[in-house]
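The values are calculated or read from the model by the stated rules, or taken from the named source; none is laboratory data. A quick note: this is a predicted structure, and the numbers were derived from the prediction, not measured. Because the Cβ atoms are built from the backbone with ideal geometry, glycine has one as well, and the counts that use them run over all protein chains shown. In case anyone asks, the SASA skips ligands and DNA or RNA and just uses the protein heavy atoms, side chains included. Shrake-Rupley method; radii C 1.70, N 1.55, O 1.52, S 1.80 Å.
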Amino acid sequence: MDEGLNVTYITFGGHVEVHKYRFLYFMIMFIVYILIICSNSTIVYLIVIHRNLHEPMYIFIAALLINSVLFSTAIYPKFLIDFLSEKQIISYSACLLQYFLFYTLVGAEFFLLSAMAYDRYVSICKPLQYPTIMRKTTVWIFLALAWFVPACQLVVHTTMCFHEKLCRFTFKAIFCNNSIYKLQCSTSRALTIYGLFMFLNGSFFPMLFILSTYAQIFRITYRSCRKVRKKAAETCLPHLLVLINFSLLCTYNLMTARLESEIPKLANLIMTLQLVLYHPLVNPIIYGLKMKEISKHLKQLLCHRKMN
């Protein structure tokens, strides 16, 4: 606590040998951050400039990749500052802002994946009704809700956290996640109940919707011809890979926040980095290689650059 400025500072205690390897950490994370921005932006650029990719499925992919860039931007700049600083600290208000952005974008990821699942369901199971159901207006409403709903939920939750009294000022984390609960003298019942509601509404129910939607798609396409099954596999499997990858990493993040004292510091650091390092890099790879139309335009772009 800085009494002169009346500012509460939180110390990140999850770093390992940061003073010894600060420049190595900095260079690795800086390079990864640049790769995340470039790889995701490249796929978004291809979707924007090619008219045949101006379909709901590709618009949702572009939104998902933009979300990955925003997700990384909420975390990486602070990482880079911490690696070059003597003390890895953050003001409590800034910590809550990072917490708000982090979980808003996590929630947006699940909502976007839900929208993509619904789009695939209508496209494959109700092809004749697709143009009527998935109009431009519908797509933009889905996109707006994907960010608006999690943000509204997190505003309430973050405000509740802000008014909680703190008894601890160091936690075993490298950015502001659910570990902020460990700082509070006692977690109120209202905060716990609302946190559970937020988890169910923002992650669990969307995941159930996605899995049930794809189960319905595969059940229907199993009875269809080979061409329909191939189309379903080509467009649905990349989405499922992203969902499984992201869900596992988020589950681990929630578990470590509750069981951090039982997890070795190095193991906790490595697994936490998977969420902010691995996932934003894998998304453009999955969509760039597995989605046929995007892959075709990506190859043309790379060949054009080689010729120049």
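Key figures for this structure:
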{"quantity": "Residue match in the stretch 172-184 (condition: surrounded by fewer than 16 Cβ atoms within 10 Å (Cβ to Cβ), of a type in the set (S, T, Y) and within 26 Å of D82 (Cβ to Cβ))", "calculated": "no"}
{"quantity": "Single residue of the stretch 132-168 satisfying the filter (closer than 27 Å to A233 by Cα and aromatic (F, W, Y)) that is most open to solvent (accessible area, probe 1.4 Å)", "calculated": "W140"}
{"quantity": "Close pairs from the stretch 209-226: first on the phi > 0 side of the Ramachandran plot, partner surrounded by fewer than 19 Cβ atoms within 10 Å (Cβ to Cβ) and polar (S, T, N, Q), Cβ under 6 Å, at least 6 apart", "calculated": "none"}
{"quantity": "Selection status of N52, crowded, with 20+ Cβ neighbours inside 10 Å, touching a residue at least 24 places away in the same chain (Cβ under 8 Å), touching a helix residue (DSSP H, G or I) at 6+ places or on another chain (Cβ under 9 Å) and polar (S, T, N, Q)", "calculated": "no"}
{"quantity": "Any hit, the stretch 123-131, residues being surrounded by 15 or more Cβ atoms within 10 Å (Cβ to Cβ), among the hydrophobic types (A, V, I, L, M, F, W, C), part of a helix (DSSP H, G or I) and in contact with a helix residue (DSSP H, G or I) (Cβ under 6 Å, 6 or more places away or on another chain)", "calculated": "yes"}
{"quantity": "Extreme residue, farthest from the chain's Cα centre (by Cα), among residues of the stretch 90-106 that are within 12 Å of K78 (Cβ to Cβ) and open to solvent by 20 Å² or more (accessible area, probe 1.4 Å)", "calculated": "S91"}
{"quantity": "Of residues in the stretch 40-78 being within 17 Å of H297 (Cα to Cα) and among the polar types (S, T, N, Q), the one nearest to the chain's Cα centre (by Cα)", "calculated": "N40"}
